[in-house]
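Take this structure, written in structure tokens, and hold onto it; I'll ask about it next.
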Amino acid sequence: MRALGAAGIAGAMLVVACGGSGSGPAVALPGTATGATAGASAPASPTAAPAPPSTLSLAAQVGQKMFFDKKLSGSGAMSCASCHDPAHAHAPANDLSVQLGGVHMDLAGLRAVPSLRYKDVTPPYADLLDNPDGISVPGPGGGFTADGRADTLAAQARIPLLDPLEMANASSAEVVKKLQAADYAPLIAKAFGAKVFDDSDAAFANALLALQAYQLEDKSFHPYSSKFDLYAGNKIGGTLTPAETRGLKVFANPATGNCASCHYQGAGLNGSSALFTDFSYEAIGVPRNAGIPANNNVQYFDMGVCGPLRTDHAPAAPNAANSFCGMFKAPTLRNVATRTAFFHNGVMHSLEQVIRFYNTRDTQPELWYPTVGGTPKAKNDPGFPGYGLVTTQYTGGKVQKYDDLPAAYAPNIDTQLPMDGRAAGSVPPMSEQDIADLICFLNTLSDADTKPATPTKPGACVN
Ligand code: HEC
Ligand code: HEC
């Protein structure tokens with residue numbers, strides 16, 4: 001829980017609104033960088049200009065080759081880009097909650113695939129990370145994946161390469177053998193030395209650094225080309241419409257949307273522009289996704305920071321007190337309007353659904369969690385909304401709120417607005433107009449090379 005004072009949000013957003021966010025992003029170069037080199041220029045054709053020389057370090061050039069190399073998987077059919085498609089803001093091209101991988105490409109993963117954009121300035125995980133806003137109390141923050149179990153992009157890259165549900169290599173040695181046989185093996189030797197393959201463990205470590213260097217150096221991972229960036233930098237075309245401006249206010253307003261208290265970090269960190277996450281972890285009670293095969297086991301709970309994927313904060317015994325259970329990383333909202341699977345388990349499939357969940361999790365929990373012991377109505381009452389995860393209305397019974405967290409951990413659920421624990425049946429914090437405006441604003445966070453998952457209706461975000 002990282003409550004941010006009202007003055008803080010207003011102040012933070014004001015800096016951005018005034019275009020005082022400083023210059024563009026400064027990208028930290030990895031220790032492996034060996035300086036820019038001229039790549040071989042493409043054969044000149046009469047019509048096309050020659051390709052510009054690569055501005056990536058040799059290590060990053062290796063990482064780029066690896067990122068798209070399907071041979072680096074147990075199936076031979078999957079690369080990093082299969083799940084992190086550059087044409088979809090480095091997120092999946094399909095709308096599955098979790099992707100299929102493994103040696104035969106038939107095993108479902110455990111979590112939705114995040115975008116890889118704007119991860120370059122993520123600090124390592126800490127239980128008590130200073131909040132970048134400088135106002136909120138320190139709390140769990142930083143790190144990669146939804147539970148922060150990898151401290152660097154290099155450490156993270158090991159996970160998919162060896163995960164039997166993803167790229168499914170049997171060992172790091174198997175990956176190194178494939179690299180040795182790759183047509184870009186000479187580039188690897190150029191980047192890391194002629195003896196790079198002599199020691200398999202060292203070669204694997206270098207390969208992970210190469211993937212990290214690519215993600216840090218290549219501008220496609222952090223183009224800062226959204227309408228919001230134009231607006232924050234006072235550039236041409238950077239004017240928000242009245243609807244988008246109202247949406248920004250809902251985003252920042254501590255009495256309605258309050259999104260900024262977890263999804264905003266102002267300019268400053270490593271010279272970056274606003275990242276739309278403060279890297280913090282909270283338990284917000286995302287409903288269980290029955291579509292994930294692992295969830296067929298009623299004993300299985302993905303509890304984020306307390307495990308089971310992450311192992312260093314596990315409860316001492318089942319259901320023993322543990323404040324980390326249920327916490328997941330508040331992801332960046334940049335490019336969120338391009339996504340088709342939301343939250344760590346991909347249970348929701350539209351931005352509107354996510355925002356309606358935030359608005360009515362407490363006031364109409366029956367729309368989001370299963371009801372047990374009730375009788376389904378033959379026909380829903382007029383006005384019973386169709387946007388929830390549960391579209392059947394019940395008489396009687398009990399709503400199983402927070403059905404993806406053992407009951408012992410319900411007290412970990414965050415109680416900040418917009419989900420402040422207000423009674424079922426009361427008025428939700430955001431109005432219909434607020435929701436529509438907020439969606440308009442979130443669409444301004446999409447990079448210029450992306451397409452919205454659900455285009456807003458023509459004219460809807462103008463006035
Ligand atoms: C089968 C799909 C799949 C493939 C292939 C895949 N990933 Fe991922 N990636 C995921 C999922 C799922 C997560 C979220 C994992 C979690 O939260 O535990 C993720 C998370 C990440 C993250 C952390 C992002 C964040 O927000 O913290 C990075 C970085 C990443 N992947 C890089 C890579 C690289 C590099 C490769 C290739 C070596 C790769 N991925 C291959 C599915 C995939
Ligand atoms: C108390 C902190 C908090 C507040 C306030 C908050 N969020 Fe979140 N948000 C989170 C966390 C934590 C997650 C990840 C939850 C998970 O995966 O289980 C998340 C996830 C999301 C996602 C899913 C992104 C993705 O890539 O899957 C969206 C969209 C989102 N939030 C939008 C909003 C909006 C819009 C608001 C304001 C109406 C808001 N959030 C308010 C903490 C917060």
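Since every read-out is calculated from the coordinates, none of them should be taken as a lab result. Please read these numbers as outputs of a predicted model, since none were measured by experiment. Virtual Cβ from ideal backbone geometry, glycine too; neighbours counted across all protein chains shown.
If you average the alpha carbon positions of the range 58-131 and of the range 302-362, how far apart do those two centres end up, in angstrom?
Value for the Cα centre distance between the two parts: 18 Å.
Among all the aspartates and glutamates, which ones have a C-alpha under 20 Å from Lys71's C-alpha, if same-chain residues fewer than 8 places away are not counted?
Asp85, Asp106, Asp163, Glu166, Glu174, Asp183, Asp201
With everything on Cα atoms, drop me the angle between helix 6-17 and the longest principal axis of the chain, reported from 0 to 90° to the nearest 10.
Tilt of helix 6-17: around 50 degrees.
Could you tally the net charge around His344, taking each other residue with its Cβ under 9 Å from the Cβ of His344, Lys/Arg +1 and Asp/Glu -1?
Numbers: positive: Arg111, Lys329; negative: Asp147, Asp302.
After counting each charged neighbour, the total is 0.
If you don't mind, there's one more thing I want to ask. For the Cα atoms of the chain, what angle does the longest principal axis make with the long axis of helix 432-443, in degrees from 0 to 90, nearest 10?
0
Fewest Cβ neighbours within 10 Å first, please rank Glu244, Glu174 accordingly. Let's see the in-between values first.
Working: Glu244 23, Glu174 17.
Placing the least packed residue first, the sequence is Glu174, Glu244.
In nm, to one decimal, how far is the modelled label at Met105 from the one at Lys219, with both set 7 Å along Cα→Cβ?
3.4
Counting residues in the range 65-145 as N, plug N into 2.2 N^0.38 Å and put the Cα Rg over that result. Numbers along the way, then the final one.
Values: Rg = 16.2 Å, N = 81, 2.2 N^0.38 = 11.7 Å.
The reported ratio for this selection is 1.39.
P(r) for the range 254-336: what percent of alpha-carbon pairs falls in each 10 Å bin, starting at zero?
Taking all Cα pairs of the range 254-336, the binned fractions are 15, 36, 30, 17, 2 percent.
Which value, in debye to the nearest 20, describes the size of the charge dipole of the range 347-438 about its Cα centre when Lys and Arg Cβ atoms bear +1, Asp and Glu Cβ atoms bear -1, and nothing else is charged? Please report the intermediate quantities before stating the final value.
Values: 7 positive and 11 negative charges, 82 e Å.
Roughly 400 debye, rounded to the nearest 20.
Sticking with this structure for a sec: Rank these for me by crowding, Phe328, Phe68, going from fewest to most other beta carbons within 10 Å. Please list the in-between numbers first.
Numbers: Phe328 22, Phe68 12.
By the 10 Å Cβ count, ascending: Phe68, Phe328.
What translational diffusion coefficient, to the nearest whole µm²/s, does the range 204-349 have by Stokes-Einstein, given a Kirkwood radius computed over alpha-carbon pairs, a temperature of 4 °C and 1.567 mPa s viscosity? Don't skip to the answer; put the middle values down first.
Numbers: Rh = 18.4 Å.
Translational diffusion coefficient: 71 µm²/s.
Just tell me which lysines come within less than 20 Å, Cα to Cα, of Lys219; anything on the same chain fewer than 8 places away is out.
Lys65, Lys119, Lys227, Lys235, Lys451
When we measure straight from the Cα of Lys398, which lysines land under 30 angstrom away, once same-chain ones fewer than 8 places off are left out?
Those lysines meeting the cut-off are Lys329, Lys377, Lys379.
What is the Å³ per residue value for the convex hull set by the Cα atoms of the chain? Spell out each step's value before the answer.
Values: hull volume 79.0 nm³, N = 463.
It is 171 Å³ per residue.
If you take the beta carbon distance between Thr391 and Val427 as r and set R0 to 25 Å, what does 1/(1 + (r/R0)^6) give as a FRET efficiency, to the nearest 0.05? Don't skip to the end; give the middle numbers.
Working: r = 22 Å, r/R0 = 0.90.
The calculated FRET efficiency here is 0.65.
Could you compute the net charge surrounding Arg111? Neighbours are other residues with a C-beta less than 12 Å from the C-beta of Arg111; K and R count +1, D and E count -1. Mind dumping the intermediate values first?
Details: positive: Arg149, Arg310, Lys329; negative: Asp147, Asp163, Glu166, Asp302.
Neighbourhood net charge equals -1.
Helix 172-181 versus the longest principal axis of the chain: what angle, 0 to 90°, nearest 10, using Cα atoms?
Once rounded, the angle reads 50 degrees.
Then there is this: Quote to one decimal, in nm, the extra length available between Thr152 and Asn380 on full extension: 0.36 nm per residue of separation minus the C-alpha distance between them.
Details: separation 228, 0.36 × 228 = 82.08 nm, distance 4.95 nm.
Taking Thr152 through Asn380 to full extension adds about 77.1 nm, to one decimal.
With n ≥ 4 as the cut-off for DSSP H runs, can you work out [θ] at 222 nm for the chain, using -39500 (n - 2.57) per run divided by the number of residues, rounded to the nearest 500? Intermediate values should be presented prior to the final figure.
On the way: 12 runs with 115 residues, N = 463.
Helices in the chain give a 222 nm mean residue ellipticity of -7000 deg cm²/dmol.
I want the antiparallel fraction of DSSP beta bridges within the chain, as a percent rounded to 5. Present the calculation step by step, with values, prior to reporting the outcome.
Values: 15 of 17 bridges.
Here the antiparallel bridges make up roughly 90 percent for the chain.
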